[in-house]
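This report refers to the structure that appears directly beneath it.
Any read-out appearing in this document is the output of simple, stated calculations on the displayed coordinates, not a laboratory observation. Being a predicted model, the structure only gives us computed values, none of them experimental. All Cβ positions, even for glycine, are placed from backbone atoms using ideal geometry, and neighbour counts span all protein chains on display.
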Amino acid sequence: MRIVNWLPVTATVAATALLVMTSAPYGWSQATKPVPSKLVARSPLDRALRLINEARKEFENVEDYTCTLVKREMIGERMLPENVILMKVRNEPFSVYMKWQQPKALVGQEACYVAGTNNGMMRVKGAGLLGAVGFVNLDLNDPRSKQNSRHKISEAGIGNMIERYAESWQSDKVQKGTKVRIGEYEFNKVRCVRVETTHPGSKPGDFYCYRSVLYFDKELHLPIRSELYDWPKEGGKPEGELTECYSFTELKLNVGLSDDVFHH
């Protein structure tokens, strides 16, 4: 087995963020359906901030969790295939373990990361026969990872997603002009509050994305799905093309994960 052939494959492990689509069982294009609900006309951005602050407070009670992470990301002009990943996260110290279940080419691939250890590097293991090499170190800033992911593994998980949206919505409130719609939806048979923000009149570079959609589980008060869209292009969809979608399904909180889960 030649290590040089393995390296490009392991670079795909860094496609671990989030940060996130299910039907039959994971079809991302049909993951949500609306539930009749009046849109909020009064201070919707203030309500969005209340929702994210409630999520932040609720997440303080979470020590660890397991879930199935389902994600799609646009890299350049290429939409990557849907990734379905078994994911385990511990919040202190921040630790992540991932094992790929889809697509077929990545089944069995693994990645783990523990903040403050291993000189800041992640541990990765290739899929299939390439896994015979075992776990090796990979720098979070390795340029090869940008070919397969928009985010680092250190940015993965629900807690990081909460903080990103909190910062973004607070900035929107200061800058003004953001269009906000809030309603009730169903995602993966879970009743959710759906918050959609749009930046009309903006251009690429003004914001991270043109439109974002975040779904809060009404029972858990935590975000379980995030969608980000690029600026509309001439002749394209007026709502913009999907660039990132992350879903946290089969979520189980405070399961008591041991150190062994994250050290390989």
- request: Pull up all non-local amide H partners of Cys209: gap of 5 or more, or a different chain, and H-to-H distance under 5 Å with H placed in the peptide plane.
  value: none
- prompt: Under 19 Å Cα-Cα from Lys125, which aspartates and glutamates qualify once same-chain neighbours fewer than 8 residues away are excluded?
  reply: Glu110, Asp139, Asp142, Asp259, Asp260
task: Convert each backbone phi in the stretch 167-172 into a coupling constant with the Karplus relation 6.51 cos²θ - 1.76 cosθ + 1.60 (shift: θ = phi - 60°), then list the ³J(HN,Hα) values in order as whole Hz, x for Gly and Pro.
output: 5, 5, 6, 5, 5, 4
- line: Amide H contacts under 5 Å for Phe94, restricted to residues at least 5 apart in sequence or on another chain and with H modeled in the peptide plane, are Ala115
- prompt: Listing Glu82, Glu227, Glu186 from the residue with the fewest other Cβ atoms within 10 Å to the one with the most, what is the order?
  reply: Glu186, Glu82, Glu227
In order through the stretch 188-199: 3J(HN,Hα) via Karplus (6.51 cos²θ - 1.76 cosθ + 1.60), integer Hz, x for Gly, Pro: 6, 6, 10, 6, 9, 9, 9, 10, 10, 10, 9, 10
- request: Would you order Asp230, Asp260, Asp46, Asp172 from fewest to most other beta-carbon atoms within 10 Å of each residue's own beta-carbon?
  value: Asp260, Asp46, Asp230, Asp172
- request: For Ser258 and Lys146, calculate 0.36 nm times their separation in residues minus their Cα-Cα distance, and state this gained length in nm to one decimal.
  value: 37.3 nm
message: Taking the beta-carbon count within 10 Å as an exposure proxy, list Arg50, Arg225, Arg194 from fewest neighbours to most.
response: Arg50, Arg194, Arg225
message: Compute the distance from the alpha-carbon center of the stretch 68-111 to that of the stretch 123-189, in whole Å.
response: 10
query: What lysines sit close enough to Lys57 to cross-link, taking a C-alpha to C-alpha distance under 25 Å and skipping anything fewer than 8 places away on the same chain?
result: Lys88, Lys152, Lys173, Lys189, Lys218, Lys252
